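> To start, I am sharing the structure in question, which I have written as structure tokens.
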Amino acid sequence: MDGIPEAEPERSESTDPTTEGSVDMQELEQWPTGRLLTTAARLVDHAWNAGLVDLGLTHAGYTALRVLQDQGPINQTKLALLIRVQNQTMGKTIEKLQANGYVNRTRGAVDQRIQMVSVSDSGQRALASAEKIEQSLIAGGGLLSETLRAELRNLIEELGAGRNSGSRAAG
């Protein structure tokens, strides 16, 4: 009829588990492995970021701080290689960490063009708080399974073989 707007078509509910509640188990059975992995990773990342936001950290920033704590002062390129991200991505992460006072950058003793990155005292405190968040997320999220950890390690080793040349991190 003229003058009467047509009804809007019904919208189907989203099945993206990162924005909606749970997904039907039968539907999950149909998902390809790649979708399962990326969705699981995204969900873990969202949970991390929600827990870390009060510290001014992201999951990426937390990961960088952990590696820096374990490795000691290193340059951005090596840090990117160790975390398996592009150098440019690591640069942005370091900038955010530095803005929050969590890392220090100093010129290299041998080559002044290279900046060494290290965890600051404030970064050590943030890291200690973040590790408590990690423990609660892992314990509460069922991520303590040694079988799951072993499978993930194997997958990373398998997929990462041949990617260790540094070409991705050199960015």
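> Would you check which residues across region 75-99 are aliphatic (A, V, I, L, M) and open to solvent by 10 Å² or more (accessible area, probe 1.4 Å) and list them?
Matches in region 75-99: Leu81, Leu82, Ile83, Val85, Ala99.
> What residue, among those in region 50-77 that are assigned to a helix (DSSP H, G or I) and in contact with a strand residue (DSSP E or B) (Cβ under 7 Å, 6 or more places away or on another chain), is nearest to Ile133 (Cα to Cα)?
Leu65
> If Gly160 meets every condition in (1) surrounded by 11 or more Cβ atoms within 10 Å (Cβ to Cβ); (2) in contact with a Lys or Arg (Cβ under 8 Å, 6 or more places away or on another chain) apart from one, which number is that one?
The one condition Gly160 does not meet is (1).
> Is it the case that Gly166 is touching a Leu at 6+ places or on another chain (Cβ under 6 Å), at pLDDT below 80 and of a type outside the set (Ser, Thr, Tyr)?
Taking the combined requirement at face value, the residue satisfies it.
> Would it be correct to say that Ala126 is farther than 24 Å from Ala161 by Cα, aliphatic (A, V, I, L, M), assigned to a helix (DSSP H, G or I) and touching a residue at least 24 places away in the same chain (Cβ under 8 Å)?
For Ala126, the condition - farther than 24 Å from Ala161 by Cα, aliphatic (A, V, I, L, M), assigned to a helix (DSSP H, G or I) and touching a residue at least 24 places away in the same chain (Cβ under 8 Å) - is met.
> For region 70-86, which positions are touching a helix residue (DSSP H, G or I) at 6+ places or on another chain (Cβ under 6 Å) and more than 21 Å from Glu157 (Cα to Cα)?
Listed by number, the list holds a single entry, Gln76.
> Moving on to the next point. Yes or no: Lys132 of a type in the set (D, E, K, R), under 16 Å from Asp54 (Cβ atoms), at pLDDT below 95 and outside any loop (DSSP other than H, G, I, E, B)?
Yes; evaluated as a whole, the condition is true for this residue.
Listed here are the residues, each with its yes/no results for (1) in contact with a Lys or Arg (Cβ under 8 Å, 6 or more places away or on another chain); (2) without any contact (Cβ under 8 Å) to a residue 12 or more places away in the chain.
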| position | (1), (2) |
| --- | --- |
| Asn87 | no, no |
| Asp111 | no, yes |
| Val117 | yes, no |
| Ile133 | no, no |
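The values are calculated or read from the model by the stated rules, or taken from the named source; none is laboratory data. All values derive from a computational prediction rather than experimental measurement. Positions of Cβ are backbone-derived with ideal geometry, glycine not excepted, and every protein chain shown enters the neighbour counts. Ligands, DNA and RNA are excluded from the accessible area calculation, which covers all protein heavy atoms including side chains. Shrake-Rupley method; radii C 1.70, N 1.55, O 1.52, S 1.80 Å.
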